[in-house]
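Peer 1: Take this structure, written in structure tokens, and hold onto it; I'll ask about it next.
The values are calculated or read from the model by the stated rules, or taken from the named source; none is laboratory data. Just so it is clear, the structure is predicted and the values come from calculations on it, not from any experiment. Don't worry about glycine lacking a Cβ; one is built from the backbone with ideal geometry, like all the others, and counts go over all protein chains shown.
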Amino acid sequence: MELCFTPEELAFRDTVRAFLAVELSPQLADKVRRDEHLSKAEMEGWHAALNKRGWLAAHWPKEYGGTGWSVVQRSIFENECALAGAPRVIPFGLSMLGPVLMKFGSEAQKQYWLPRILDGSDWWAQGYSEPGAGSDLAALSTTAVRDGDHYVVNGQKTWTTLGQHANMIFCLVRTQRDAKKQDGISFLLVDMKTPGIVLRPIIMLDEGHEINEVFFSDVRVPVANLVGEENRGWTCAKYLLTYERTNIAGVGNSTAALAHLKKVAAKIPNNGRPLLEDPMFAARLARVEIELANMRTTDLRVLAAVHGGGAPGAESSMLKIRGTQVRQEISALLRRALGPYAQPLSAEALAVRPDEAANATVTYFNYRKLSIFGGSNEIQRNIISKMILGL
Amino acid sequence: MNFELSEERKMLAESLSRFIELRYPFEVRNAIVKSPAGYSADLWREFAGLGIIGALFNPEHGGYGGAAADLAVVFEALGRGLVVEPFLGNAVLAGGAIARLGNASQKQIIAHIIDGSRVAAFAHGEPQARYEIARVATRAERAGDGWKLNGAKAVVQHAEGADLLVVSARTSGAVDAPDGICLFLVPAKTPGLALRGYPLVDGGRAADLTLRDVTLPAAALLGAQGEAFATIEEVVGRGIVALCAESLGAMSVAKEATLAYLRTRKQFGVPIGTFQALQHRMADMLIEIEQMRSAVINAVAALDGERGARERTLSAAKYSCGKIGTLVAEECIQLHGGIGMTWELPLSHYAKRLVMIDHQLGDEDYHLARYIALGRQ
């Protein structure tokens with residue numbers, strides 16, 4: 001039993017660190033640490049820097065322009081990026097659609113769409129959830145009716161993260177009405193500029209515009225944009241969801257957030273001493289730190305178990321639940337640390353509030369999403385119950 | 001990175017588990033815990049014959065294991081079997097202290113501990129000390145060439161069954177100072193040593209000790225005068241790894257038993273495991289147990305490291321052990337309902353052991369506070 005990385009893995013980590021030291025600007029890293037919203041250009045710029053080095057598609061096989069890294073290398077890479085304050089890689093094209101195309105797409109679709117994900121030609125959005133289909137995704141009712149060389153799409157998608165930046169959206173649509181729920185669903189690639197598509201922002205409780213809803217009325221989509229077989233899209237949908245849950249523990253992100261929290265708590269006065277020394281606060285902090293240290297090893301154990309490559313199975317549901325709980329708790333502690341200064345909405349520097357914690361409260365509210373999206377934590381418990389416990 | 005056990009340790013775990021299954025079934029165990037000695041001398045020799053005690057000692061001390069991973073493998077299996085034999089106090093704590101501090105003549109005892117012919121108890125905790133390992137009020141004074149001990153020791157596991165006690169006493173320093181603590185070898189029948197034995201909630205026995213002018217020869221002192229603290233901390237650290245692994249084994253069995261019950265027990269015409277309220281509690285418990293396994297792995301990895309990181313990781317593990325062990329015990333009883341509280345069902349005994357482990361070598365709160373304090377040093 002050996003908890004340490006091999007010399008080769010350590011050398012790899014150093015290479016990643018050296019890359020980050022050169023390519024990641026301190027200003028951008030600061031913005032990420034402070035949980036500020038990034039502009040489209042900033043996100044695309046980081047993608048381009050990674051792509052130039054050949055590291056954008058960390059989990060893709062080499063033949064499609066990926067790195068061919070082992071799961072351990074991927075984990076090291078993701079952790080180092082998070083610790084350095086790198087922006088997160090936008091997952092919709094790279095982590096969601098990419099693997100689906102590789103598995104189910106035609107040769108022409110792979111040749112055309114995959115390079116465009118890498119070079120940033122396309123920004124993809126995810127068209128899964130609907131007003132009537134959340135956790136019960138298969139209840140979706142957006143329809144696509146065949147009309148010659150086209151499908152005609154009608155319906156509505158929602159919770160479309162960063163859809164305002166997207167020029168393309170992959171959608172689950174119902175192509176057969178009278179079939180059993182999971183049957184009769186198809187996987188379509190839709191150009192956002194097609195007539196009949198309207199995107200509206202949904203302003204969330206943190207007053208931010210991250211989320212959208214997308215309306216489709218008589219939107220004509222070429223049949224060539226069908227991925228996999230008609231009415232067999234649920235297979236693609238499920239496959240995509242397993243990828244959505246990789247790196248779900250977010251150990252690197254939580255580690256970085258915890259270091260940030262300690263830095264802030266050391267600056268905040270409490271009874272004339274730094275808040276970090278307050279016994280109650282210290283106890284809350286220690287609990288989540290220990291939880292994270294345990295989770296780091298749990299994450300590595302799951303990685304080691306899938307060392308052959310591919311996505312982890314139901315174990316990733318455990319990592320999703322605990323990972324999001326830890327992340328939410330760290331965020332809650334940062335809000336708590338600010339005391340009365342957690343209340344002002346303005347991100348300007350205020351007398352006592354450390355500038356780098358200005359977004360703590362809105363981020364805390366924004367992070368309620370973590371236990372809701374990607375399959376709510378309750379859905380994950382259902383998966384554990386069925387797949388691991390056999391209940 | 002490799003989470004696989006070595007072939008030797010896999011074999012050790014398998015042979016120990018098989019032995020426990022065959023020779024230490026629940027009925028046998030329950031008879032042993034109610035016996036006057038609180039453990040079985042016969043089975044103890046059989047464990048020794050299997051090499052299990054020797055697996056807890058380094059080769060340099062006459063054993064054939066002794067690494068942190070060996071402790072974890074053995075105690076996880078003991079936890080699964082709910083074994084009450086004196087592995088911890090005798091082999092890990094008392095034996096570990098003798099092995100580390102003893103001179104050539106004193107170390108000869110180790111061979112007898114390993115072959116099962118002698119049993120030692122670790123008499124360190126005191127009525128006023130709670131979980132602090134540096135708080136030693138028992139005094140040792142010079143008496144001619146030898147020593148005279150006065151004081152009291154609390155909840156010494158297997159004290160009545162031991163023929164030798166390793167007793168801590170102070171020769172100098174404040175009552176809670178790490179400096180000035182000594183360990184002495186005290187034969188069981190030494191005049192002035194009085195034992196008040198009692199059964200434990202989770203089975204087996206312990207005793208409170210009174211030492212009144214207990215007179216010992218010079219050769220009774222282990223190591224240099226006043227310098228035993230580092231060794232006490234070291235063997236207690238090994239004890240923490242052992243208890244964490246034991247807890248992991250016990251909670252795994254409790255989880256399996258509860259899962260089996262959820263699949264078979266029917267109410268409202270269906271297995272109760274089909275109810276989402278219970279499924280989600282099981283899912284949460286599973287996550288906690290996986291976190292506990294990681295805590296054990298972290299503790300094993302840290303045990304041979306430098307003191308600061310080592311002790312902090314050990315406290316993190318024992319904190320996790322207390323928190324998760326108690327949760328698993330309470331949840332498993334609740335998920336069983338009334339039957340989970342019966343003496344007849346092994347589960348209730350696992351639950352008791354899981355909670356009582358939190359009361360050995362420092363509980364959840366003690367270790368959380370210690371983790372925080374160590375982080376400031």
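Peer 1: Please find, within the stretch B:274-297, the residue that is farthest from the other protein chains (Cβ to nearest Cβ) out of those that are over 27 Å from the mean Cα position of the chain (by Cα) and crowded, with 22+ Cβ neighbours inside 10 Å.
Peer 2: Once the filter is applied, the top-ranked residue is B:M282.
Peer 1: B:T342 fails exactly one of the following numbered conditions: (1) within 14 Å of chain A (Cβ to nearest Cβ); (2) surrounded by fewer than 18 Cβ atoms within 10 Å (Cβ to Cβ). What is the number of that condition?
Peer 2: Failed condition: (1).
Peer 1: Among the listed residues B:S348, B:S315, identify the single one that is surrounded by 21 or more Cβ atoms within 10 Å (Cβ to Cβ), in the same structural domain as B:I240 (by TED's automatic domain parsing) and assigned to a helix (DSSP H, G or I).
Peer 2: Every option except B:S315 fails the conditions.
Peer 1: Turning to a different aspect of this structure: Hey, B:R312 hits all of (1) in contact (Cβ under 8 Å) with a residue 60 or more places away in the chain; (2) among the charged types (D, E, K, R); (3) away from chain A (no Cβ under 14 Å) but one; which does it fall short on?
Peer 2: (3)
Peer 1: Between residues in the stretch B:266-291 that are closer than 25 Å to A:R322 by Cα and residues that are buried (at least 21 other Cβ atoms within 10 Å of the Cβ) and of a type in the set (G, A, S), which pairs lie under 7 Å by C-beta distance while being six or more apart or on different chains?
Peer 2: Cβ pairs passing all conditions: B:Q279/A:S385; B:Q279/B:G273; B:M282/A:S385; B:A283/A:S385; B:Q291/B:S320.
Peer 1: (1) closer than 18 Å to B:V236 by Cα; (2) part of a strand (DSSP E or B): which one isn't true of B:N150, the others all being true?
Peer 2: With respect to (1) closer than 18 Å to B:V236 by Cα; (2) part of a strand (DSSP E or B), B:N150 is out only on (1).
Peer 1: Still on this model: Looking at A:V264, A:V219, A:V223, A:V227, which one is hydrophobic (A, V, I, L, M, F, W, C), out of contact with any Leu (no Cβ under 6 Å at 6 or more places or on another chain), surrounded by fewer than 19 Cβ atoms within 10 Å (Cβ to Cβ) and in contact (Cβ under 8 Å) with a residue 40 or more places away in the chain? Write out each step before concluding.
Peer 2: Details: A:V264 fails: surrounded by fewer than 19 Cβ atoms within 10 Å (Cβ to Cβ); A:V219 fails: surrounded by fewer than 19 Cβ atoms within 10 Å (Cβ to Cβ); A:V227 fails: surrounded by fewer than 19 Cβ atoms within 10 Å (Cβ to Cβ).
A:V223 is the lone residue from the list that is hydrophobic (A, V, I, L, M, F, W, C), out of contact with any Leu (no Cβ under 6 Å at 6 or more places or on another chain), surrounded by fewer than 19 Cβ atoms within 10 Å (Cβ to Cβ) and in contact (Cβ under 8 Å) with a residue 40 or more places away in the chain.
Peer 1: Continuing with this model, one more query. Could you please find all residues in the stretch B:226-273 being within 14 Å of chain A (Cβ to nearest Cβ) and basic (K, R)?
Peer 2: B:K255, B:R263, B:R265, B:K266
Peer 1: I've got another one for you. Is at least one residue of the stretch A:294-301 under 19 Å from the mean Cα position of the chain (by Cα) and within 30 Å of A:I268 (Cβ to Cβ)? Can you show your working first?
Peer 2: Taking the stretch A:294-301 and keeping what is under 19 Å from the mean Cα position of the chain (by Cα), we get A:295-296, A:299.
Within this subset, residues satisfying the condition of being within 30 Å of A:I268 (Cβ to Cβ) are A:295-296.
So far as the stretch A:294-301 goes, yes, one or more of its residues are under 19 Å from the mean Cα position of the chain (by Cα) and within 30 Å of A:I268 (Cβ to Cβ).
Peer 1: Next question. Can you find a residue in the stretch B:122-132 that is on the phi > 0 side of the Ramachandran plot and assigned to a loop (DSSP other than H, G, I, E, B)? Full working, then the answer.
Peer 2: At the first step, the residues of the stretch B:122-132 found to be on the phi > 0 side of the Ramachandran plot are B:130.
Now drop any that are not assigned to a loop (DSSP other than H, G, I, E, B), which leaves B:130.
Yes, the stretch B:122-132 contains at least one residue that is on the phi > 0 side of the Ramachandran plot and assigned to a loop (DSSP other than H, G, I, E, B).
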